[in-house]
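**Q** I'd like to ask some things about the structure below.
The values are calculated or read from the model by the stated rules, or taken from the named source; none is laboratory data. This one's a predicted model, so the numbers in the text were calculated from it and none came from an experiment. Glycine also receives a Cβ, built like all others from the backbone with ideal geometry; neighbour counts cover every protein chain displayed.
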Amino acid sequence: MEIVLKPEILGYFKNFPITNTLLVSWITMFVLVIVSFLATRKVRLIPSGLQNLFEIVIDFAYTTVADLAGDKKAKVFFPIVTTFFLFILFSNWIGLLPGFATITYHKEPLLRSMNSDLNMTLALALISAVLTHIFALRYLGILGYLSKWFTLNPIFLFVGLLELVGEFTKIVSLSFRLFGNIFAGEVVLATISSIFAFIIPLPFYFLEIIVGFVQAAVFMMLTLVFMVLLSEKHAEQH
């Protein structure tokens, strides 16, 4: 079995490459929109079915965010980090459906797990980092934000510069963690499925369901923690 690191290009739109992972990201967004519409189409005071499931997920997510960020910031952070969680979770689970890597288009796999593409996970990490710094500017102001990195105290200046370098390592950490786990899982499933056709691959699929959930939760929680920490003032600023 050949292991291909980069996503396969299905075609071009005005010189813009359309890859199989990009196609799956569009499918994921479409599925999320449809599921959200079905869950909120007929909102009932006493929820049931899909509405009840979504209310449980949303309530748990909001409580988690509020415990870390406080009620005031939770109203701002909650939509962002929960969107990350749901988008990554659905894309991970959709990548486990039958047809991935087997249905071909012009002799290339038509569908491939979105997060097995480093471009995708890097884009998510960059969005997370940019939003984190935007919120820091919002809550601290320009001077308070700059004081996070630069100060007249040489010791704190050195620490601030190290933290500034750390902001770039956060992007690398977020993107490579998600990419590495999903890509490795994709390789394992493809290898096992090529050797054993029935029964034996099932435990690995169940494991990947858990991994998909855990990776979505980790990305969400790390993004939340970064937002909370960067938007807090230093002790000397209080």
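**Q** Among the residues of the range 151-189, write down those that are surrounded by 12 or more Cβ atoms within 10 Å (Cβ to Cβ) and aromatic (F, W, Y).
**A** F156, F176, F179, F183
**Q** So, one more: Could you please find all residues in the range 39-56 being modelled with pLDDT under 90 and part of a helix (DSSP H, G or I)?
**A** Correct list: A39, T40, G49, L50, Q51, N52, L53, F54, E55.
**Q** Okay, next question. Do you know which residues across the range 192-210 are crowded, with 17+ Cβ neighbours inside 10 Å and under 20 Å from the mean Cα position of the chain (by Cα)?
**A** E208
**Q** Further question: Name the residue, out of L230, L146, L174, that is under 30 Å from A74 (Cβ atoms), among the hydrophobic types (A, V, I, L, M, F, W, C) and in contact with a His (Cβ under 9 Å, 6 or more places away or on another chain).
**A** Of the residues listed, the single one that is under 30 Å from A74 (Cβ atoms), among the hydrophobic types (A, V, I, L, M, F, W, C) and in contact with a His (Cβ under 9 Å, 6 or more places away or on another chain) is L230.
**Q** Something else now. Report, by residue number, each residue of the range 202-236 that is more than 18 Å from S175 (Cα to Cα), free of Cβ contacts under 8 Å to residues at least 40 places away in the same chain and hydrophobic (A, V, I, L, M, F, W, C).
**A** Selection gives L202, F204, F206, L207, I210, L229, A235.
**Q** A follow-up question, please. So is I94 modelled with pLDDT of 95 or more and either surrounded by 12 or more Cβ atoms within 10 Å (Cβ to Cβ) or basic (K, R) (or both) or not?
**A** In short, no.
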